[in-house]
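Below: the structure, in structure tokens.
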């Protein structure tokens, strides 16, 4: 259900600063993502990882620097406009539209993407068939893992080009983390492009094409060699 | 006592018509909209003018009055309210209050300051078991119940309704799907304004029509929204009827304290359930 893509630069973030009021949260951050790459962002709480994803998704605006997505400068584009251009942000808080049913949640994504409901449901359930049984349940009644899966599934609707997924396994039980891993692996198998913020190094180790390490609002290291990514002790020192 | 209950439901129904728009505006866009008084009062004054034109055809005059308010509310949202999204509550309060005051002065300029007397358009009474009840008030309550059912259907079944329900909970989440929330907010804003105007035209024949009528009822409607929960549409319905009843029952025994009692209830609710803004 996911479209494969060739290599080529999809996203180019250059020297961006982001501020909350007077506090500067991101300092001169630069990073790139090629088509079909799954890149993880690792760092302690407060390192600026979520702010970075929010800024790429259009929810926050950089005070300096540029973000070029698919050859287009995204400054001035709202999150809705970016989503229409194929950028999907899955927030950390596992916030589904809890008063609506699972089906309604998918319907909104299908409506926004201009996709047939049957195709949208097929896309969403292809990653987790159990969602079929939950379609008429209120999304607010789902478990944390089911919510995350619904959010990822909802983000798949419309066949987007870039996923920004914030801490997909945070707060989940080990068995559910494996479900999420399986889903992310499946997505990677279909050659999706994604930035994923994650603290679970086992997931990072198994899925990452590259890793950026953030500290105090800056990118302090980029890892692109598999042996370095497999060195969880080294990575752990940054968490 | 039956009279008091019917009167309570009538006031509650009117509060519901007006509070819906306030609740949606705050719940979805975090804007405290004092300009809502303007659409309410404008609806009433349109009815005054159109009532003179369509003598004896209250329903037609009322419907046109409500429809006329829609483009005016669109202009208010497009030119002013839209610029307030994401601003602090103080800014939204000051700006929308300014709109309300400009509106009141404009109404005084066009229609004058003297109150207009309007009469009960039905003027018939229903007698049940020795009790005589004005049919018009019963009609107002019936319209409120039908509106509640209609809105429930709208918000549960229509795509626009579902987008609004989702945006009330997580505006950014809706935006990140690729839906322009501002566009749907315009629709909701106009709908809320039309309902406020509907409340105005229904209430005008059983109350006093004057340029400040919107400001006095608005505070009661804010109490309804706070008690019912910001953006909680079912809560708004229950809260409106409950506070309307509290007003009516209090007025029966202590007329000066009717509105005060509403704000006492609001204060108690705030003690146990502070608003997260």
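The values are calculated or read from the model by the stated rules, or taken from the named source; none is laboratory data. Since the model is a prediction, treat every value here as computed from it, not as a measurement. Cβ: placed from backbone, ideal geometry, glycine included. Neighbour counts: every protein chain shown.
Residue-level check: of (1) away from chain B (no Cβ under 13 Å); (2) buried (at least 21 other Cβ atoms within 10 Å of the Cβ), residue A:64 misses just (2).
Quick check on residue A:143: is it without any contact (Cβ under 8 Å) to a residue 60 or more places away in the chain, surrounded by fewer than 23 Cβ atoms within 10 Å (Cβ to Cβ) and more than 9 Å from chain B (Cβ to nearest Cβ)? Please lay out each step first, then the result.
Working: without any contact (Cβ under 8 Å) to a residue 60 or more places away in the chain: yes; surrounded by fewer than 23 Cβ atoms within 10 Å (Cβ to Cβ): yes; more than 9 Å from chain B (Cβ to nearest Cβ): yes.
Yes, satisfied.
Test residue A:38 against the stated conditions and say whether it is touching a helix residue (DSSP H, G or I) at 6+ places or on another chain (Cβ under 8 Å) and within 14 Å of chain B (Cβ to nearest Cβ).
no
Confirm whether residue A:10 is at pLDDT 90 or above and either within 14 Å of another protein chain (Cβ to nearest Cβ) or farther than 26 Å from residue A:191 by Cα (or both). No.
Note on the range A:94-115: residues that are more than 9 Å from chain B (Cβ to nearest Cβ) and under 24 Å from residue A:60 (Cα atoms) amount to 1. One residue is enough: does the range A:84-91 have a residue meeting the conditions in a helix (DSSP H, G or I) and either within 14 Å of chain B (Cβ to nearest Cβ) or in contact with a helix residue (DSSP H, G or I) (Cβ under 7 Å, 6 or more places away or on another chain) (or both)? There is at least one residue in the range A:84-91 that is in a helix (DSSP H, G or I) and either within 14 Å of chain B (Cβ to nearest Cβ) or in contact with a helix residue (DSSP H, G or I) (Cβ under 7 Å, 6 or more places away or on another chain) (or both). Within the range A:67-78, the residues that satisfy the criterion of being surrounded by fewer than 23 Cβ atoms within 10 Å (Cβ to Cβ) and not in a strand (DSSP E or B) are A:70, A:71, A:75, A:76, A:77, A:78.
Which fully enclosed helices (runs of 4 or more DSSP H) of the range B:72-169 have 1 or more residues being farther than 28 Å from residue B:187 by Cβ?
The qualifying helices (runs of 4 or more DSSP H) are B:89-111, B:135-157.
If you go through the range B:28-59 and keep only what is part of a helix (DSSP H, G or I), under 25 Å from residue B:81 (Cα atoms) and more than 15 Å from the chain's Cα centre (by Cα), you end up with B:28, B:29, B:45, B:46. Could you go through the range B:155-170 and let me know if any residue there is more than 11 Å from every other protein chain (Cβ to nearest Cβ) and touching a helix residue (DSSP H, G or I) at 6+ places or on another chain (Cβ under 6 Å). Checked the range B:155-170: no residue is more than 11 Å from every other protein chain (Cβ to nearest Cβ) and touching a helix residue (DSSP H, G or I) at 6+ places or on another chain (Cβ under 6 Å).
Which residues, counting only those in the range A:174-210, are touching a helix residue (DSSP H, G or I) at 6+ places or on another chain (Cβ under 6 Å) and in a strand (DSSP E or B)? Across the range A:174-210, the qualifying residue is only A:197.
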